[in-house]
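Reviewing the structure listed below.
The values are calculated or read from the model by the stated rules, or taken from the named source; none is laboratory data. Note that this is a predicted model, so its numbers are computed, not measured. Every residue, glycine as well, gets a Cβ built from its backbone with ideal geometry; the counts of neighbours run over all protein chains shown. In case anyone asks, the SASA skips ligands and DNA or RNA and just uses the protein heavy atoms, side chains included. Shrake-Rupley method; radii C 1.70, N 1.55, O 1.52, S 1.80 Å.
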Amino acid sequence: ITFAVNYLGTLMLTYLTIPLIEPGGHIVFTTSMTRRLYSAEGIAINEPREMFSQLGTYGRSKAALTHYAIYMAQHYPDIHINCADPGVVNSNMIHMDRWYDPIADLLFRPIIRSPKQGAKPTLKALTLKDSGNVVSGHFIRRIPYGKHDQSHGHLVEATRDYLVKAGIPI
């Protein structure tokens, strides 16, 4: 479900709405620093259940979404397509009902971003006049193109094949 919500659902929604976005419009995908742990080649669209881990699957879904953003930025040069990494935001969403939550609340929650701080990268990404960036905190980084250009397309094509086989034509 994590991969489907974070990546597949976003890809399908973007596919349906991209014809409605006028030149100069903006798309901002929400990514995560966990994306850095995975390359496009290491992402399986239909990963087996044994591969699931809460943070690992989340990281792979955000890496796939970031690669999709790169692909989209290359194929839709008239639309500003960027990613925002809000960091860890203090919300009930990060409470996982695990034994370590009280410890995390005591040690970790005081140093994470407020919702207002977490929204700033998204607002900044929305105002950029170019594409292919990840905005996080005070930093704007270009998403690396170069040698991975073909792997972005391969990941998107593998995703399309998977969705078509599942009866969802895009």
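For this structure, a couple of remarks:
- Of all residues in the stretch 6-35, those satisfying the criterion of being in contact (Cβ under 8 Å) with a residue 12 or more places away in the chain and open to solvent by 80 Å² or more (accessible area, probe 1.4 Å) are Tyr15, Pro23, Met33.
- If the condition is being under 22 Å from Ala158 (Cβ atoms) and surrounded by fewer than 19 Cβ atoms within 10 Å (Cβ to Cβ), then the stretch 46-65 contributes Asn46, Glu47, Pro48, Arg49, Glu50, Met51, Phe52, Ser53, Gly56, Thr57, Tyr58.
- Among the residues of the stretch 26-55, those that are part of a loop (DSSP other than H, G, I, E, B) and over 21 Å from Lys120 (Cβ atoms) comprise Tyr38, Ser39, Ile43, Ala44, Ile45, Asn46, Glu47, Pro48, Phe52, Ser53.
- Residues in the stretch 89-148 that are of a type in the set (Asp, Glu) and either in a helix (DSSP H, G or I) or at pLDDT 75 or above (or both): Asp101, Asp105, Asp130.
- Every pair of residues 6+ apart whose Cβ atoms lie under 7 Å, when the first sits in the stretch 96-109 and is of a type outside the set (Asp, Glu) while the second is surrounded by 10 or more Cβ atoms within 10 Å (Cβ to Cβ) and modelled with pLDDT of 70 or more: Arg109/Asn90
- Within the stretch 64-81, being under 17 Å from Met12 (Cα atoms) and either part of a helix (DSSP H, G or I) or among the acidic types (Asp, Glu) (or both) holds for Ala64, Leu65, Thr66, His67, Tyr68, Ala69, Ile70, Tyr71, Met72, Ala73, His75.
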